[in-house]
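Reading through the structure tokens given below for one structure.
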Amino acid sequence: MIRILVADDEHLIRDAVAGLLELDDGFEVVGRAASGDEALVTALRVRPDVALLDLRMPGPDGIEVARRLAAELPACGCVILTSHGRPGYLRAALAAGVRGFLPKTTSARELAAAVRKVAAGGRHVDPELAAEAISAGDSPLTPRESDVLALARDGAPVEEIARRVALSRGTVRNYLTSAIGKLGAANRHDAARVAAERGWI
């Protein structure tokens, strides 16, 4: 019997995924969580074989939850199930120790196969996402450029970005200019859009 934790902040999706899995005699859903913090607490309490994690949840996101579980509960295989299947997220997830990465459009049969494979110690990555990640390449942005661009994406003015990252306004402008150049973008909003689409911020 494979013991599973399902973590997703959308109740309908969380219950639907859990319900689908429970139709299989080989699976037992032993925990459900609506946030990253709840997923960590629940996982450490019920000690599942596999944790199905939404990428974007309140608190630590699915990648950060997987990173912590890899350290604190290494026997638990983590699978990201997401509607944000961008190359940068896949790369970050694999670097964090995630063993499965699937879009929420995946079939129930493929999800079950992925859970079995991960529970057995293997990996399962959606082939289309893997191909996109390979073709997209690594992010050209430095960590600081990514930070300021992520804040620019939310519409923050340079003064606010500078305050939030504890840098001068001139330094923030330099990082934004560099990021715009590296991404071949027209302006910082365009650069943020490009970086977000590729999962780099």
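For L129, are the conditions met, namely being touching a Leu at 6+ places or on another chain (Cβ under 8 Å) and under 30 Å from V6 (Cβ atoms)? Talk me through it step by step, then tell me what you get.
Numbers: touching a Leu at 6+ places or on another chain (Cβ under 8 Å): yes; under 30 Å from V6 (Cβ atoms): yes.
So L129 fits the description; yes.
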Item to check | Filter result for the condition that a residue is small (G, A, S), touching a residue at least 24 places away in the same chain (Cβ under 8 Å) and at negative phi, over A75, A18 | outcome: A75
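Return the residues of segment 71-117 that are of a type in the set (S, T, Y) and under 11 Å from the mean Cα position of the chain (by Cα); say none if nothing qualifies. Full working, then the answer.
To start, the set of residues in segment 71-117 that are of a type in the set (S, T, Y) comprises 82-83, 89, 105-107.
Hits for segment 71-117 are T82, S83, Y89.
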Item to check | Neighbours by Cβ (under 7 Å, 6+ apart or cross-chain): first from segment 36-51, touching a residue at least 24 places away in the same chain (Cβ under 8 Å); second of a type in the set (D, E, K, R) | outcome: G36/D61; G36/E64; L40/R68; L44/E72; P48/R3; D49/R3
Next on the checklist: Suppose we keep only residues that are of a type outside the set (A, V, I, L, M) and part of a loop (DSSP other than H, G, I, E, B) within segment 144-172. Which one would you say is nearest to G88 (Cα to Cα)?
Outcome noted: D154
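Hey, does segment 68-75 have a residue that's in a loop (DSSP other than H, G, I, E, B) and acidic (D, E)? It would help to see each step written out before you state the result.
Taking segment 68-75 and keeping what is in a loop (DSSP other than H, G, I, E, B), we get 73-75.
Right, trim to acidic (D, E) and you get none.
Within segment 68-75, not a single residue is in a loop (DSSP other than H, G, I, E, B) and acidic (D, E).
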Next on the checklist: Anything in segment 133-142 that is over 14 Å from A92 (Cα atoms) and at pLDDT below 70? List them, or say none.
Outcome noted: S135
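Determine, yes or no, whether I80 is in a strand (DSSP E or B) and in contact with a helix residue (DSSP H, G or I) (Cβ under 7 Å, 6 or more places away or on another chain). I'd like the intermediate steps shown before the answer.
Numbers: in a strand (DSSP E or B): yes; in contact with a helix residue (DSSP H, G or I) (Cβ under 7 Å, 6 or more places away or on another chain): yes.
Against the criterion (in a strand (DSSP E or B) and in contact with a helix residue (DSSP H, G or I) (Cβ under 7 Å, 6 or more places away or on another chain)), I80 qualifies.
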Checklist outcome for this item: The one condition G181 fails out of (1) crowded, with 16+ Cβ neighbours inside 10 Å; (2) closer than 26 Å to L90 by Cα is (1)
Item to check | Qualifying residues in segment 3-23 (those that are under 16 Å from the mean Cα position of the chain (by Cα) and of a type in the set (A, V, I, L, M, F, W, C)) - the one surrounded by the most Cβ atoms within 10 Å (Cβ to Cβ) | outcome: V6
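Looking only at segment 1-31, count how many residues are of a type outside the set (V, I, T) and either part of a helix (DSSP H, G or I) or closer than 28 Å to G88 by Cβ (or both). First the steps, then the outcome.
Of segment 1-31, the ones of a type outside the set (V, I, T) are 1, 3, 5, 7-12, 14-16, 18-28, 31.
Then keep just the ones that are either part of a helix (DSSP H, G or I) or closer than 28 Å to G88 by Cβ (or both); that gives 5, 7-12, 14-16, 18-22.
Going through segment 1-31 one residue at a time, the tally reaches 15.
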Checklist entry - Within the set of pairs 6 or more residues apart or between chains, which connect a residue that is part of a loop (DSSP other than H, G, I, E, B) inside segment 173-201 to a residue that is modelled with pLDDT under 90 and among the β-branched types (V, I, T) with Cβ atoms less than 7 Å apart? => result A185/V194
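The values are calculated or read from the model by the stated rules, or taken from the named source; none is laboratory data. Keep in mind that what you see is a predicted model, and the values were worked out from it rather than measured. Glycine also receives a Cβ, built like all others from the backbone with ideal geometry; neighbour counts cover every protein chain displayed.
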